[in-house]
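Report on the following structure.
Every number in this text was worked out from the coordinates using simple rules, so none of it is lab data. Values in this document were obtained by computation on a predicted structure and should not be read as measured data. Don't worry about glycine lacking a Cβ; one is built from the backbone with ideal geometry, like all the others, and counts go over all protein chains shown.
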Amino acid sequence: MSAAARPTVLLTGAGGVVGQSLLREPSTVRLIAAARGPLDAGRAERVVHCDLGQDRFGLDADAYRALAAEVDVVIHSAGLTEWGLPAERYEPVNIEGTRRVAEFAETAGAPVHFMSTAFVAALLPCAAAPLSDTNITKPYVRSKLTAEQLLAKSGVPHTVFRPTNLIGDSVTGWTSRPQVVQLLSDWMCRGRAPFVLAHPGNRTDIVPQDLLSKAVLRAIEQGVDEGEFWVTYGAEAMDMETTLALCAEHAASLGRTLPEVPVLHPDSERGRDLSDLAPMTRSYLSVLRDVSEVTMASGGVLPTSMPELRERFALPVVRDTDAYLRTLRHASAPPAERS
């Protein structure tokens, strides 16, 4: 590992939503972006084309050793994040890829900052209720928890950042590509939702992507190499009724009037039987039901480290409602106005 005062950071998953946000965020670190294909390198000094699904990231032995000698810190954000796939689909990158990252970090003498998910709260021993086997998020979340456990057993110094569902930048609303929150929100803002599903008392916990990026980069700048950080709003997060009100406000700004949308219990008779609905409506309501189950299994409110993140890493205080509206506005803006 080099001993530069300005640490050299290998960023895996540089082409993903988290990676692209990190590459836009000002910092004092020197970033090397690792990706399988072409990408917007942003603030990275260079791009290394590699594949976490292969031994030595698909690099030859000399290139691998040279990279390890150069790197001081690893941000591991690469992963398969799509929900609803068979468990074995997540193994090559989310689990075996993390194993290879740990091996690389040991060779480099570098700590790892791992991007997990706040949804692991639903699979911890202290969870309020078990997740159903049919929950669309479960195989993905299980793979992230397994990766966390793998890192813990590796002995490599590391942190774990557990963000909830990400939305756009807190100031601009920008994101490199829509995530599930944006897709569901667009559906609701177009008046397509006959009802939504949420357990009573649940919080709709979403977080601007730049808050995660700021926290990770400032942890590196401060030399932090251990700890678990829940990048969520917790009890500060809005509820589903507030979410719907913001969608109605945004729709009104576009000249649309949304009908009142009922919030139903996922275990109600109507909530359980969606068979008569159009395929897209059925799909989105199923996602809402399963995400609500995750939150309910976590006690209705996700664990949060937000007060610590604000104090320790000087994260700005951003209301989730304000950031959500900015995300909605950015998504509905003409393509020429998005940047």
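For this structure, a couple of remarks:
- For the chain, the mean residue ellipticity at 222 nm estimated from helices alone is -12000 deg cm²/dmol, where every DSSP H run of n ≥ 4 contributes -39500 (n - 2.57) and the total is divided by all residues, rounded to the nearest 500.
- The residues 138, 144, when put in order of fewest to most other Cβ atoms within 10 Å, stand as 138, 144.
- Value of relative contact order over the range 85-236, rounded to a whole percent, pairs C-alpha under 8 Å and six or more apart: 29 percent
- Kirkwood hydrodynamic radius computed over the chain comes to 20.7 Å, based on all pairs of distinct alpha carbons.
- Global form of the range 11-102, assessed from the alpha-carbon gyration tensor, a/c cut-off 1.5: oblate
- Look at where the Cα atoms of the range 50-123 and of the range 258-273 average out, and the two centres are 40 Å apart.
- Highest-MSF residue in the chain out of 11, 277, 328 [GNM, Cα springs under 10 Å]: 277
- DSSP bridge orientation in the chain - percent antiparallel, rounded to nearest 5: 5 percent
- Degrees separating the helix 180-189 axis from the principal Cα axis of the chain, which is the longest one: 20 degrees
- Among 263-274, 109-120, 289-300, sorting by the average number of other beta carbon atoms lying within 10 angstrom of each residue, highest first, gives 109-120, 289-300, 263-274.
- For the range 16-58, the square roots a ≥ b ≥ c of the C-alpha gyration tensor eigenvalues yield an a/c of 1.5 or more together with a/b exceeding b/c, which makes the shape prolate.
- Fewest-first sequence of 281, 8, 304 by Cβ atoms within 10 Å of each Cβ: 281, 8, 304
- Highest average packing first - 84-92, 48-56, Cβ atoms within 10 Å: 48-56, 84-92
- The range 62-109, relative contact order [Cα under 8 Å, separation at least 6], %: 55 percent
- Cβ-based charge dipole, the range 188-339, positive-most Cα from 275, 234, 332: 332
- Value of relative contact order over the chain, rounded to a whole percent, pairs C-alpha under 8 Å and six or more apart: 19 percent
- Shape class of the range 188-339 from the Cα gyration tensor (axes a ≥ b ≥ c, square roots of the eigenvalues): oblate, since a/c reaches 1.5 or more and a/b does not exceed b/c.
- Sorting 213-223, 12-22 by average packing, meaning the other beta carbons within 10 Å per residue, from highest down gives 12-22, 213-223.
- Acute angle (nearest 10 degrees) that the helix 279-297 long axis makes with the longest principal axis of the chain, alpha-carbon atoms: 70 degrees
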